[in-house]
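**Student:** Can you keep this structure in mind? I'll have questions shortly.
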Amino acid sequence: MKTGSLLILPGDGIGPEVMDEVCRIIDWFESKRDIQFDKSFDLVGGAAFDQYKTPLSDDTLAKANEVDAILLGAVGGPKYDKLDFSLKPERGLLKLRKELDLYSNLRPAQCFDALSEYSSLKSEIVSGLDIMIVRELSSGSYFGEPRGIKNKENGERYAINTTYYSENEIRRVARSAFEIAAKRTGKVCSMEKANVMEVGVLWREVVQDIRDKEFPQIELTHMYADAGAMQLVRWPKQFDVIVTDNLFGDLLSDCAAMLTGSLGMLPSASLGNKNANGKLKAMYEPVHGSAPDISGKGLANPIACILSFSMALRYTFDCKREADILDKSVEKVLRNGIRTADLLQKKNKKPASTSEVCDEIIRELELAN
Ligand code: NAD
């Protein structure tokens, strides 16, 4: 029997709605497969502020540090817009990432055949696409010092940000990308700007060095990030795993996301170092936010959150077969034409509700079991 501990943080807006459906999927796996989770639930974001006057309590953070994986819904909403910056719901999420030192952000861009016409690119370019962008999450231009908007002596303002990477920061995200690639097709493309940035020169050297010494079975290529952006929209299927820094990863992963259609379809994972149980610290969450415009109406697409749980099965709990049948069940439901409103092009077709989509996924899981 496989076991593991899971902290579930539904959050705000549609977060609890989509997480309710994920809990039904978890219940199904526990009742039908040889797997049990030690589950605990807590508050994060606005919901935590309402209860504890902070978007992430110390107690919740302590629990997050102990579990094998965290599953988070979404945070934020207009009710909290006027709060001080330090109390905003999003600070809870950022604090979790920072305190757990989650430095490797995995964003898959997967285009289910049934949805290929939703992409802004031609169907044959995206159909069957399955790539993974590994973005460094804890350093680089978003954290480097010095930074700020300052005044020159003549009163003119200037702004400065610093792109900083240590060898160790590059090494650990490179290892993460190679480990992920070893579970996929074994191909990694590293992207930087070694032609114009010293950070890029060091990045390229260190990534190559880790590959040569520790992962000789991986096929590694290097590409300048601007050329990589062009190739992503020209012929994205040439890539399997892409590893890149925080800033380029932010841009490239959003670009890759749009190859696949709706925001309601995109899962993500953020990984750190090993915990006491020898598992990587990990938080899984959909890419979308709390979607206040549709919250409470049963319109939210639960698939991004369900696929985030599938990533947890694959990358934390070592349950590849379970992750595969969950992904295939989602694909089958889409192929059968079951869609929430965000995936409907014809306005005269009635959309499926959040829970109806999950009913259908469970029906497919039963058939596949
Ligand atoms: P959003 O992702 O919440 O919504 C953008 C658009 O996509 C909306 O029209 C929404 O209805 C739609 N959408 C999003 N998820 C969907 C789903 N699962 N099914 C169907 N449609 C979906 O982004 P936003 O509107 O810019 O932000 C709303 C709030 O969420 C803000 O407070 C923001 O700070 C927060 N936010 C949180 C996260 C997070 O928790 N990771 C990420 C982004 C934004």
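**Student:** In vacuum, with every alpha carbon of the stretch 282-369 counted as one equal point scatterer, what does the Debye formula give for log10 I(q)/I(0) at q = 0.13 Å⁻¹? Two decimals, please.
**Tutor:** -0.45
**Student:** Another question about this same structure. How much length, in nm to one decimal, is gained on full extension between residue 117 and residue 359, taken as 0.36 nm per residue of separation minus their Cα-Cα distance?
**Tutor:** Taking 0.36 nm per residue and subtracting the Cα distance, the gain is 84.6 nm.
**Student:** I've got another one for you. With 19 Å as the limit, write out which pairs from 95/281; 213/274; 183/279; 53/95 have Cα-Cα distances beyond it, or answer none.
**Tutor:** Pairs exceeding the cut-off: 213/274.
**Student:** Can you tell me the dipole magnitude for the chain around its Cα centre, using point charges on the Cβ only (Lys, Arg +1; Asp, Glu -1), in Debye to the nearest 20?
**Tutor:** 440
**Student:** Please report, in debye to the nearest 20, how large the charge dipole of the stretch 1-141 is about its Cα centre when each Lys and Arg carries +1 at its beta carbon and each Asp and Glu carries -1 there.
**Tutor:** That gives a dipole near 280 debye.
**Student:** Output the relative contact order of the stretch 99-149, whole-number percent, from Cα pairs under 8 angstrom with separation of 6+ residues.
**Tutor:** Across the stretch 99-149, relative contact order equals 46 percent.
**Student:** Here's another thing I want to ask about it. How far apart, in nm, are two points set 7 Å out from the Cα along the Cα-to-Cβ line at residue 84 and at residue 187?
**Tutor:** 5.2
**Student:** With all protein chains present, how much of the accessible area of the chain (probe radius 1.4 Å) comes from carbon and sulfur, to the nearest whole percent?
**Tutor:** In the chain, the share of accessible area belonging to carbon and sulfur is 51 percent.
**Student:** Per DSSP H run of at least 4 residues, take -39500 (n - 2.57); add these up for the chain, divide by its residues and hand me the 222 nm value, nearest 500 deg cm²/dmol.
**Tutor:** -12500 deg cm²/dmol
**Student:** Let me spell out the model: positive unit charges on the Cβ of Lys and Arg, negative unit charges on the Cβ of Asp and Glu, origin at the Cα centre of the stretch 105-242. What dipole size does that give, in debye rounded to 20?
**Tutor:** 180
**Student:** Rounded to the nearest 5, what % of DSSP beta bridges with both residues in the chain are antiparallel?
**Tutor:** Percent antiparallel among DSSP bridges in the chain is about 45.
**Student:** List the residues, sorted by chain then number, that are 5 or more residues from residue 243 or on another chain and whose placed amide H is less than 5 Å from its amide H.
**Tutor:** 134, 189, 190, 191
**Student:** Over what distance in Å are the Cα centres of the stretch 35-114 and the stretch 142-207 separated?
**Tutor:** 25
**Student:** What whole-number volume per residue, in cubic angstrom, does the convex hull of the C-alpha atoms of the stretch 1-128 give?
**Tutor:** 161
**Student:** How much length, in nm to one decimal, is gained on full extension between residue 32 and residue 149, taken as 0.36 nm per residue of separation minus their Cα-Cα distance?
**Tutor:** Extra length from residue 32 to residue 149 when fully extended: 36.4 nm.
**Student:** Can I ask one more? With an 8 Å cut-off on Cα pairs and a minimum separation of 6 or more residues, tell me the relative contact order of the stretch 1-56 in percent.
**Tutor:** RCO, the stretch 1-56: 46 percent.
**Student:** Specify the longest stretch of the chain that does not include any exposed loop site, a site being one of the GluC sites (Glu not before Pro) with a non-H, G, I, E, B DSSP assignment and at most 13 other Cβ atoms within 10 Å.
**Tutor:** With GluC sites (Glu not before Pro) excluded where exposed in loops, the chain gives 157-369 as its longest stretch.
**Student:** Additional query: Roughly how far apart, in whole Å, are the Cα centres of the stretch 219-252 and the stretch 255-317?
**Tutor:** 21
**Student:** Tell me, Kirkwood radius of the chain from alpha-carbon pair distances, in Å?
**Tutor:** Evaluated over the chain, this radius sits at 21.4 Å.
**Student:** Accessible area per residue for the chain in Å², computed with a 1.4 Å probe and the full protein assembly in place, what is it?
**Tutor:** 45
**Student:** Below 8 Å, C-alpha to C-alpha, sequence gap of six or more: please give me the relative contact order for the stretch 124-272 in percent.
**Tutor:** Dividing the mean separation by the residue count of the stretch 124-272 yields 33 percent.
The values are calculated or read from the model by the stated rules, or taken from the named source; none is laboratory data. If you're wondering where the values come from, they're calculated on a predicted model, not measured in any experiment. So basically every Cβ, Gly included, is an ideal-geometry build from the backbone, and we count neighbours across all protein chains shown. In case anyone asks, the SASA skips ligands and DNA or RNA and just uses the protein heavy atoms, side chains included. Shrake-Rupley method; radii C 1.70, N 1.55, O 1.52, S 1.80 Å.
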